[in-house]
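Enquirer: Let me give you the structure first, and then I'll get to my questions.
The values are calculated or read from the model by the stated rules, or taken from the named source; none is laboratory data. Just so it is clear, the structure is predicted and the values come from calculations on it, not from any experiment. Note that we place each Cβ from the backbone using ideal geometry, even for glycine, and neighbour counts take in every protein chain shown.
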Amino acid sequence: MYRVWDFVSTYSLLLIGGALLALVWANVSPDTYHHVVDFVLIEDFFIGHAHEVNGEIHRTLTLHYLVNDVLMALFFAIAAKEVWEAIILEEGSLRGKKAATPLIATLGGMVGPVAVYLGIAAVLGVFEQVHQGWAIPTATDIAFSYLVGRMVFGAGHPAIRFLLLLAIADDAGGLLILAIFYPSGELAPEWLLLSFGAAAAVFVLANWLPLKLDRGRELQPVSVWVRKTLSFWPYLIAGCISWYGFQEAGIHPALGLLPIVPTIPHADRGFGMFAEAEEHLHDLLNSMEHALKVPVEVILLFFGLLNAGVEFSAISEPTWLVLAGLLIGKPAGILLMGWVGARVLGFGLPEGMTLRDVFVLGCVAAIGFTVALFVASVAFDPGPVQDAAKMGALFSFFAAAVALAAGRLLGVQKVDY
């Protein structure tokens, strides 16, 4: 349990603290809160919010942009690292037939919320005002869903591994949605050549070339020198270049480190983000993740503080649409597509798991929070609609109570080690 609690405390507790502080602050003194959020750090900088002045593009670096668009790139890099290892490693959790049903269920867990969100929006006659927020309820907060899953199923239940597979795949889908459907400005895809060029250059110069020069040399002196002397610096420089390429390309720059993550040397296997053995992997990729623990913790504190400040008077249709998408669409979609994968397509379920467990697991996965809050901040311009959608993301914590109640009503048997 220590490893689970350590992860949740690292990536979630300060986030919750920042979000709660923001809620109180925004409802007690909204003017001062928004003044801090929009505080200008540097005018006419090379990074920041773009605006046109006399036909020329100028950028202003605000505190909100610094956190959401620059520093959150480190959080998404960690998510990308987990997805990358799950796909590329021989023992990766997203490889082979064992991942088929969870991956199919993930599709349902993304399509179901979108269908519920847009369907209810059309019935209520607010489709035009809120349709941009369709991706908000597709999110799953991996840390909190895992913790609640342990409470519902117990540590040894096969549904826990199913949930982790689904959450990792959900992260991958969320990253693609952000990149494709939520550009940060006018698209200029030629700038992506800079990002992928930086990734290719750092892979060749700091990874492939040293290994080639060390071929046939038992002590691998060049690779050791690069690792010990240059360490993470080549990847940091490449990451900054890639981030800038994403900003100029009009793709959300918080995703700017994604092309660099696969170029970093990594272990031949991964034990999973909640395994104690993961702490003992000292390849460069895992070492960098461990070094980012405290910085990302602080970044998430400020992310919650600068994004969750919503006045309760803002609660309106988008709040209920996001909640309906998460609390209705996600469990229903996961159950339906889980059934298709297990029964119709014949991939089956893990031994000891039933479709009732899949439904309860879908309720657990309805906790959106972190990524849902992030998507709400990019889906809508600042204003009442964005605030209402953010409130729906915050209220998704009620999914924990729904999951606990569903587990009890459906007779889910907890399985401890």
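Enquirer: Give, as residue ranges, the helices (runs of 4 or more DSSP H) completely inside region 204-249 that count at least 3 residues that are among the small types (Gly, Ala, Ser) and under 26 Å from SER184 (Cβ atoms).
Expert: On the way: elements: 209-213, 221-225, 233-249.
Once the helices (runs of 4 or more DSSP H) in region 204-249 are filtered for at least 3 residues that are among the small types (Gly, Ala, Ser) and under 26 Å from SER184 (Cβ atoms), what remains is 233-249.
Enquirer: Now for a different question. For residues in region 313-327 being of a type in the set (Gly, Ala, Ser) and under 10 Å from TYR117 (Cβ atoms), which is nearest to the chain's Cα centre (by Cα)?
Expert: GLY325
Enquirer: So which of GLY392, GLY407 ends up being farther than 30 Å from ILE251 by Cβ, more than 15 Å from the chain's Cα centre (by Cα) and outside any loop (DSSP other than H, G, I, E, B)?
Expert: GLY407
Enquirer: Among the residues of region 311-333, how many are part of a helix (DSSP H, G or I) and either of a type in the set (A, V, I, L, M) or touching a Lys or Arg at 6+ places or on another chain (Cβ under 8 Å) (or both)? Can you show your working first?
Expert: The initial filter retains those residues of region 311-333 that are part of a helix (DSSP H, G or I), namely 312-314, 317-333.
Still in the running and either of a type in the set (A, V, I, L, M) or touching a Lys or Arg at 6+ places or on another chain (Cβ under 8 Å) (or both): 314, 321-324, 326-328, 332.
So the answer is 9.
Enquirer: Of ALA308, ALA314, ALA267, ALA324, which residue is of a type outside the set (Ser, Thr, Tyr) and at pLDDT 95 or above? Steps first, answer last, please.
Expert: Working: ALA308 fails: at pLDDT 95 or above; ALA314 fails: at pLDDT 95 or above; ALA267 fails: at pLDDT 95 or above.
Every option except ALA324 fails the conditions.
Enquirer: Also: Counting just the residues of region 388-417 that are among the small types (Gly, Ala, Ser) and touching a Ser or Thr at 6+ places or on another chain (Cβ under 6 Å), which one comes out nearest to GLY352 (Cα to Cα)?
Expert: Here the answer is GLY392.
Enquirer: Picking from LEU118, LEU71, which residue would you name as being free of Cβ contacts under 8 Å to residues at least 24 places away in the same chain and either more than 23 Å from SER184 (Cα to Cα) or out of contact with any Pro (no Cβ under 6 Å at 6 or more places or on another chain) (or both)?
Expert: LEU118
Enquirer: Output the residues belonging to region 354-376 that are surrounded by fewer than 21 Cβ atoms within 10 Å (Cβ to Cβ) and either farther than 21 Å from VAL412 by Cβ or in contact with a Phe, Trp or Tyr (Cβ under 9 Å, 6 or more places away or on another chain) (or both). Write out each step before concluding.
Expert: If we filter region 354-376 for residues that are surrounded by fewer than 21 Cβ atoms within 10 Å (Cβ to Cβ), which is where we start, we get 354-356.
Within region 354-376, LEU355 is the sole residue that qualifies.
Enquirer: Only one of these is in contact with a strand residue (DSSP E or B) (Cβ under 9 Å, 6 or more places away or on another chain) and either buried (at least 16 other Cβ atoms within 10 Å of the Cβ) or closer than 30 Å to PRO382 by Cβ (or both): GLU186, GLU190. Name it.
Expert: Details: GLU190 fails: in contact with a strand residue (DSSP E or B) (Cβ under 9 Å, 6 or more places away or on another chain).
Going through GLU186, GLU190 in turn, the sole match is GLU186.
Enquirer: Here's a follow-up. Could you check, for region 335-353, whether at least one of its residues is within 23 Å of MET151 (Cβ to Cβ), surrounded by fewer than 20 Cβ atoms within 10 Å (Cβ to Cβ), touching a residue at least 24 places away in the same chain (Cβ under 8 Å) and small (Gly, Ala, Ser)?
Expert: Taking every residue of region 335-353 in turn, at least one turns out to be within 23 Å of MET151 (Cβ to Cβ), surrounded by fewer than 20 Cβ atoms within 10 Å (Cβ to Cβ), touching a residue at least 24 places away in the same chain (Cβ under 8 Å) and small (Gly, Ala, Ser).
Enquirer: I've got another one for you. For region 1-71, please list each of the strands (runs of 3 or more DSSP E) lying entirely inside it that holds at least 2 residues being modelled with pLDDT of 85 or more and within 19 Å of PHE303 (Cα to Cα).
Expert: Numbers: elements: 40-45, 49-53, 56-62.
So the answer is 40-45, 56-62.
Enquirer: Let me ask something else about it. Could you check region 86-172 for helices (runs of 4 or more DSSP H) lying wholly inside it with 1 or more residues that are hydrophobic (A, V, I, L, M, F, W, C), at pLDDT below 85 and under 28 Å from LEU394 (Cβ atoms)?
Expert: It comes to 142-153.
Enquirer: Scan region 372-389 for residues that are assigned to a loop (DSSP other than H, G, I, E, B) and not acidic (Asp, Glu) and jot them down.
Expert: Selection gives PHE380, PRO382, GLY383.
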